[in-house]
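Peer 1: First the structure, then my questions, so here it is.
The values are calculated or read from the model by the stated rules, or taken from the named source; none is laboratory data. Every value quoted in this text rests on a predicted model; they were computed, and no experiment measured them. Virtual Cβ from ideal backbone geometry, glycine too; neighbours counted across all protein chains shown. SASA here: full protein model, heavy atoms, side chains in, ligands and nucleic acids out. Shrake-Rupley method; radii C 1.70, N 1.55, O 1.52, S 1.80 Å.
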Amino acid sequence: MIQSETFIHEAKERGFLVYTGVPCSYLKPFINCVIDAPELTYIGAANEGEAVAIASGAELAGCRAVVMFQNSGFGNAVNPLTSLNMIFRIPVLVIVTWRGEPGGAHDEPQHQLMGEITPQMFETLRIPWEMFPRKEDEIGPVLERAVRHMTVTGTPYGLLMSKDSASPHPLSTPTKPRPQLAQVPERKVWPSHRPSRHEVLKVVQGASRPSDAIIGTTGYIGRTLFALDDRPNQLYLVGSMGCASSLGLGLATVQPQRRVIVIDGDGAALMHLGALATIGYERPSNLIHLVLDNEMHESTGGQSTVSHSIDFGAIAAACGYSRVLCPTSLLELEEVLRSGEMQLTLVHIKLRPGGGEDLPRPKSSPAQVATRFRAWAREA
Ligand SMILES: Cc1ncc(C[n+]2csc(CCOP(=O)(O)OP(=O)(O)O)c2C)c(N)n1
């Protein structure tokens, strides 16, 4: 059994300052110690995939990050691990607890199958792994191997944590109080016709500052950004649907002086609605979250989403976003982006579909796009 403080200290020496994840009873002492450590940032995620994306945003911004979760949540993390970290080459340290460990302590039936296949999960994902250290003198060498792999390959490294790996640590940090909720604007209709994705993104590119980071979700949104003007401050997510805002949260947390503009589709935002709750709780004042809502999955053929029957603004306000805006003209959107006001904002824009058919795809590979973005984010 190790002291969590020792691991955290050794990891901090190697640049790991951001931790995110979903708790597990095996992780309890470790996670509590992280939460109580004033020199570290801990972001509790609603979902394991979201945690992977938050850690990835932190890494792009220049800070090594750790993701922690129970192996039951491995499935939730597979999408960003495969379509974000592995192809964009974003290395994060993944600590997974081993519930249902064969030959280990008796465990509940729901952990049996996942317990048996957890090592294969890492292997199938091509993420090298080893056991989480159980002795203090193993911590340094384990972290050295992890850092070496992450640095050389640009991909994640796994640590599998057995029961009772870390000594107990009672939690003393309280949760943040419930914030004053934002006003939900009245839902107005665009006076003439709704704008196109192309028109809105042109305004975003024109009114944003060169120092703003722009994260575009998968599908036509990222491709339109690229087609309009390919810029180093833009990250086009070609996978990890629904993870753009979580990645933006990680980035905004590590670089609080930089404005981060996330551009989501309604389908993508709906896929990870829990992300809004995490963002609303964390309340980064430098994050602007645009939801371009055409009421459909246009990139895959125009199938309806359920966005016409929900209110994104009301959801964001209830989650704790400081400001919710529903502009009804491109000028209004431009003013929002040109103003220097810093508060966590959701901008909900109803779009008219169209204009996706002949969109080019980014010419560079995802790894090249990420390398360029990382270099820009760490220098600009
Ligand atoms: C996890 C996952 N499921 C499904 C897809 C396929 N897919 C790619 S883009 C897309 C639609 C995205 O819809 P939305 O976010 O509303 O954006 P739009 O296409 O309307 O611009 C879908 C379903 C995917 N890439 N990843």
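Peer 1: Just one of the numbered conditions (1) open to solvent by 40 Å² or more (accessible area, probe 1.4 Å); (2) under 25 Å from M1 (Cα atoms); (3) without any contact (Cβ under 8 Å) to a residue 12 or more places away in the chain is not true of V152; which one?
Peer 2: With (1) open to solvent by 40 Å² or more (accessible area, probe 1.4 Å); (2) under 25 Å from M1 (Cα atoms); (3) without any contact (Cβ under 8 Å) to a residue 12 or more places away in the chain applied to V152, the lone miss is (2).
Peer 1: Find the residue count for the range 207-223, including only residues that are of a type in the set (G, A, S), open to solvent by 10 Å² or more (accessible area, probe 1.4 Å) and under 27 Å from S83 (Cα atoms). Step through it out loud before you land on a result.
Peer 2: Taking the range 207-223 first, the residues of a type in the set (G, A, S) are 207-208, 211, 213, 216, 219, 222.
Then drop every residue that is not open to solvent by 10 Å² or more (accessible area, probe 1.4 Å), which leaves 208, 211, 219.
Now narrow it down to the ones that are under 27 Å from S83 (Cα atoms): 211, 219.
Counting residues in the range 207-223 that are of a type in the set (G, A, S), open to solvent by 10 Å² or more (accessible area, probe 1.4 Å) and under 27 Å from S83 (Cα atoms) gives 2.
Peer 1: For L181, state whether it is open to solvent by 20 Å² or more (accessible area, probe 1.4 Å), within 30 Å of Y26 (Cα to Cα) and in contact (Cβ under 8 Å) with a residue 60 or more places away in the chain.
Peer 2: Judged against the criteria, L181 is not a match.
Peer 1: I would also like to ask the following. Please go through the range 231-246 and give me each residue that is out of contact with any strand residue (DSSP E or B) (no Cβ under 7 Å at 6 or more places or on another chain) and either surrounded by 20 or more Cβ atoms within 10 Å (Cβ to Cβ) or part of a helix (DSSP H, G or I) (or both), ordered by number.
Peer 2: Scanning the range 231-246 gives V238, S240, M241, G242, C243, S246.
Peer 1: Just checking: which of the helices (runs of 4 or more DSSP H) contained wholly in the range 1-102 hold 1 or more residues that are in contact with a Lys or Arg (Cβ under 7 Å, 6 or more places away or on another chain) and crowded, with 23+ Cβ neighbours inside 10 Å?
Peer 2: Qualifying helices (runs of 4 or more DSSP H): 48-60.
Peer 1: To continue, here is another question. In the range 151-210, which residues are among the β-branched types (V, I, T) and modelled with pLDDT under 95? Write out each step before concluding.
Peer 2: Here is the first cut: in the range 151-210, the ones among the β-branched types (V, I, T) are 151-153, 155, 173, 175, 184, 189, 200, 203-204.
Scanning the range 151-210 gives T173, T175, V184, V189.
Here's the yes/no breakdown for (1) open to solvent by less than 40 Å² (accessible area, probe 1.4 Å); (2) free of Cβ contacts under 8 Å to residues at least 24 places away in the same chain; (3) under 20 Å from G219 (Cβ atoms):
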position	(1), (2), (3)
L276	yes, no, yes
P284	yes, no, no
V291	yes, no, yes
S307	yes, no, yes
L337	yes, no, no
G355	no, no, yes
D358	no, yes, yes
R361	no, no, yes
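Peer 1: Kindly state which helices (runs of 4 or more DSSP H) lie completely within the range 247-354 and contain at least 1 residues that are away from the ligand (no atom under 12 Å from the Cβ).
Peer 2: Numbers: elements: 266-271, 274-282, 312-319, 330-338.
The qualifying helices (runs of 4 or more DSSP H) are 274-282, 312-319, 330-338.
Peer 1: Where residues in the range 114-159 are of a type in the set (V, I, T) and more than 22 Å from L27 (Cβ to Cβ), which of them is nearest to the chain's Cα centre (by Cα)?
Peer 2: So in the range 114-159, the residues of a type in the set (V, I, T) come out as 117-118, 124, 127, 139, 142, 147, 151-153, 155.
Within this subset, residues satisfying the condition of being more than 22 Å from L27 (Cβ to Cβ) are 124, 151-153, 155.
Working: T124: 22, T151: 21, V152: 23, T153: 21, T155: 16 Å.
Top of the filtered list is T155.
Peer 1: Something else about it: Among the residues of the range 125-149, what is the count of those that are open to solvent by less than 10 Å² (accessible area, probe 1.4 Å), over 20 Å from N79 (Cβ atoms), touching a Ser or Thr at 6+ places or on another chain (Cβ under 8 Å) and among the hydrophobic types (A, V, I, L, M, F, W, C)?
Peer 2: Residues meeting the conditions: 2.
Peer 1: May I pose another question? Output the residue which, of all residues in the range 103-113 that are assigned to a loop (DSSP other than H, G, I, E, B) and open to solvent by less than 50 Å² (accessible area, probe 1.4 Å), is nearest to F16 (Cα to Cα).
Peer 2: The selected residue is G104.
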